Structure formats: structure tokens, C-alpha cells
Amino acid sequence: MMVLVITSSFDETSNYIIEQYGSENFFRLNVDQLNRYDICIGNYGWEISLGNKTITKEITKSIYYRKPILPNLDVFDKQYHTMIQRDIIAVINGIADSFDGRVLTRPSILKKVENKVFQLVYAVENGINVPMSYIGNSNKICEKLCGENEIIKPLTTGKTYGDNGWELYNTSIFNCFDDDVSSSPVYLQEYIRKKYEVRITIVQEKIFAVRINTINQIDWRMDYIHHQYTVISCPIYIQEQCKKMMRDMEINFGAFDYIVTPDDEWFFLEVNPNGQWLWLELNQKINISEEIVNYLLEG
């Protein structure tokens with residue numbers, strides 16, 4: 001029995017897990033290198049082969065849906081790229097969503113939970129402390145919020161690709177702009193002064209909470225070099241809040257981001273159901289990977 005890891009050749013986290021816990025326990029599908037694999041799905045089920053190694057549905061213990069990246073399709077005419085990409089996603093996600101064993105985490109669930117609108121509505125309806133937020137396409141509201149101590153955040157990944165290559169848009173101070181947002185929704189949020197941030201990584205019921213002290217007071221992901229990390233025990237009500245979110249959202253892994261104010265008030269920012277965790281494990285010597293692998297191998 002093996003764990004099917006759906007990811008990409010660039011995924012260092014998958015490298016780490018497979019090296020640490022034995023390659024014989026895993027079959028790795030790098031979606032960006034799809035042409036190296038034979039994928040066969042039919043009335044008999046499915047199987048995936050790479051060289052002399054094959055995994056079938058019957059010998060799959062669980063699936064770890066990590067960070068699949070679509071392959072380069074330059075060999076095809078550009079007009080077909082979007083269609084081929086949709087077909088690839090349909091095949092990969094179909095395998096993961098249809099599997100009746102453990103999946104960390106099903107792409108259909110990831111799609112729902114990663115949605116910032118879904119998270120904001122859930123948090124408000126469940127009485128979770130969140131900064132005042134606005135998501136929408138109203139030019140009038142954007143004009144009204146100019147100069148109101150707001151930040152602007154990406155609604156999705158914040159990544160674009162064009163003639164200048166990849167560009168990444170992070171959280172930043174919202175300044176007035178003359179752009180028409182009626183066809184391009186924005187995510188604005190009240191800026192709250194913080195004492196520190198907290199990343200809470202949960203695998204099933206196991207909690208790993210790390211305090212992050214940063215120089216950058218807007219987006220800690222912009223400046224990893226100057227971070228100071230400390231393993232902490234977060235308040236019980238925050239632990240229960242996170243666990244309830246996971247139950248309600250049907251996820252068994254979550255990377256939760258909070259900010260803590262100088263008055264020790266906790267504000268929930270977001271949960272990433274497929275978030276990164278390896279840098280914290282290596283920095284703080286915490287066994288997140290062990291909990292993940294135990295969950296997958298028990299499947």
C-alpha cells in the first residue's frame with residue numbers, strides 16, 4: 001500500500017517527506033511533468049505508471065494533494081491551452097475527489113475553503129473576531145475608504161504571468177486610486193496594529209502554534225529573513241475556534257493566521273487548508289511532518 005502524492009517537481013515539501021519517511025511508501029505524481037506518466041482510467045478503476053513503478057486505486061492507502069502545477073503547453077497552439085489545462089485538472093482532481101479513502105485534502109473541499117468570501121462570511125456568522133473587511137466592486141465604497149487606515153489584499157493567489165514573467169501581489173497599504181474596480185473586485189481590510197502574528201498549524205487534533213515577530217508590520221511573508229519564531233501555547237478558546245472551523249469545513253489540516261494586538265486581542269485573518277509548514281518544522285524542530293505522515297499511512 002502506498003500514498004499517492006499529487007504535486008509538482010518543484011515541491012520541496014514533498015521531497016522532504018519522501019526522503020524522511022521512505023520512498024517505498026509513496027508514489028509521486030508531478031503534474032508539471034505529466035508527459036512522463038501513463039494515466040489510465042476506465043471501467044476497471046485507475047492506475048498511474050512511471051517507468052517500472054505503478055500505483056492503482058486498489059493499492060492506494062491515501063492521497064496527499066499538495067501543490068500540483070500545470071505543465072508547459074507551448075508545443076500546442078495557444079488557443080488550446082485553456083482547454084487542455086481544464087482537461088488535466090479534471091483528470092487529476094477527479095482521481096482525488098473520487099477516492100473513497102483518506103485525502104489530504106480533496107480539491108473540491110480546497111476550492112471551497114480557500115475562497116476568501118467563504119471564509120469571511122463563515123467568520124462573521126460564527127462570531128469570530130476579524131478586522132472590518134470589504135470585498136466587492138463598488139467604486140463609491142473604495143473612494144469612501146481612501147485614507148481610512150485600510151489595507152488591500154489579493155482575493156486569490158495574487159500571482160500573475162505576462163510578458164515580464166511572474167508577478168506577485170501581497171498585502172499592502174490601500175492608497176486612493178483612480179482605477180475602475182467595477183469589473184475587478186477588491187479585498188479591503190482595516191489595518192490593525194499588531195504586537196506579533198501567530199501561525200497555528202493543525203493536523204487532525206494536533207496543534208503547532210508559532211509566534212512570529214516581524215519587522216514588516218503589513219505582510220510578514222515579505223520579510224522572512226528577519227523573523228523571530230517562538231513555539232507558544234495559544235489560548236484554549238482560539239484552539240477550540242480553529243478545531244470547530246476544521247470540523248465545519250471538513251478539513252483535517254489547516255494553517256491558521258492570526259494577529260495579536262498590543263492589548264492581547266486575537267484577530268483571525270485566514271485559514272489555508274493546504275498551507276506551507278516545512279520552514280517552521282525545520283526552524284523550530286516541531287514534528288508537523290510526522291503527524292501528516294501518520295495520518296496518511298493510517299488511512
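The values are calculated or read from the model by the stated rules, or taken from the named source; none is laboratory data. Predicted model, so just to flag it, every value in this text is computed and none were measured. Neighbour counts run over all protein chains shown; Cβ positions are idealised from the backbone, glycine included. Note: areas computed on protein heavy atoms with side chains; ligands, DNA, RNA excluded. Shrake-Rupley method; radii C 1.70, N 1.55, O 1.52, S 1.80 Å.
Odds and ends about this structure:
- J(HN,Hα) series, segment 252-257, from Karplus relation 6.51 cos²θ - 1.76 cosθ + 1.60, nearest Hz, glycine and proline x: 10, 9, x, 10, 9, 10
- Within the same chain, lysines fewer than 8 places from Lys53 are excluded, and of the rest, those with a Cα less than 17 Å from its Cα are Lys61.
- Ranked order, Glu291, Glu265 - accessible area, probe 1.4 Å, largest first: Glu265, Glu291
- Spatial separation of Cα centroids for segment 282-298 and segment 83-161, in angstrom: 26 Å
- Residues in the chain average 54 Å² of solvent-accessible surface per residue, probe 1.4 Å, ligands and nucleic acids excluded.
- Distance histogram for the chain (every C-alpha pair counted, 5 angstrom bins, percent rounded to whole numbers): 1, 4, 10, 14, 16, 15, 14, 11, 8, 4, 2, 1, 0
- Taking only the C-alpha atoms of segment 107-152, Rg followed by Dmax gives 13.2, 39 Å.
- Fluctuation leader among Ser14, Ser182, Ser49 - the chain, Gaussian network, Cα springs under 10 angstrom: Ser182
- Positive-end residue of Trp46, Val113, Ser62, charge dipole of segment 16-120 with Cβ unit charges: Val113
- Angle in degrees between helix 236-249 and the longest Cα principal axis of the chain, rounded to the nearest 10: 50 degrees
- The charge dipole of the chain, taken about the Cα centre with unit charges on the Cβ atoms of Lys, Arg (+1) and Asp, Glu (-1), comes to about 440 debye, rounded to the nearest 20.
- Residue pairs exceeding 18 angstrom between C-alpha atoms, taken from Lys78/Lys112; Lys195/Lys285; Lys194/Lys243; Lys116/Lys144; Lys116/Lys153: Lys78/Lys112; Lys195/Lys285; Lys194/Lys243; Lys116/Lys144.
- Residues considered: Ile17, Ile41, Ile288. Largest GNM mean-square fluctuation over the chain, using C-alpha springs under 10 Å, is found at Ile41.
- Placing unit charges on each Cβ (+1 for Lys and Arg, -1 for Asp and Glu) gives segment 55-109 a dipole about its Cα centre, and among Gly94, Thr82, Leu104 the Cα reaching farthest toward its positive end belongs to Leu104.
- Straight-line cross-link partners of Lys244 among the aspartates and glutamates, defined as a Cα under 16 Å from its Cα and at least 8 positions apart when in the same chain: Glu125, Glu205, Asp257, Glu270.
- Based on the convex hull around the alpha carbon atoms, segment 15-132 presents an average projected area of 11.2 nm².
- Proportion of all alpha-carbon pairs of segment 1-40 beyond 14 Å (%): 45 percent
- J(HN,Hα) series, segment 125-134, from Karplus relation 6.51 cos²θ - 1.76 cosθ + 1.60, nearest Hz, glycine and proline x: 5, 9, x, 7, 6, 10, x, 4, 10, 9
- Of the solvent-accessible surface of the chain, computed with a 1.4 Å probe over protein heavy atoms with every protein chain present, carbon and sulfur atoms account for 49 percent.
- Once the chain from Glu250 to Lys195 is taken as fully extended at 0.36 nm per residue, the excess over their C-alpha distance is 16.7 nm.
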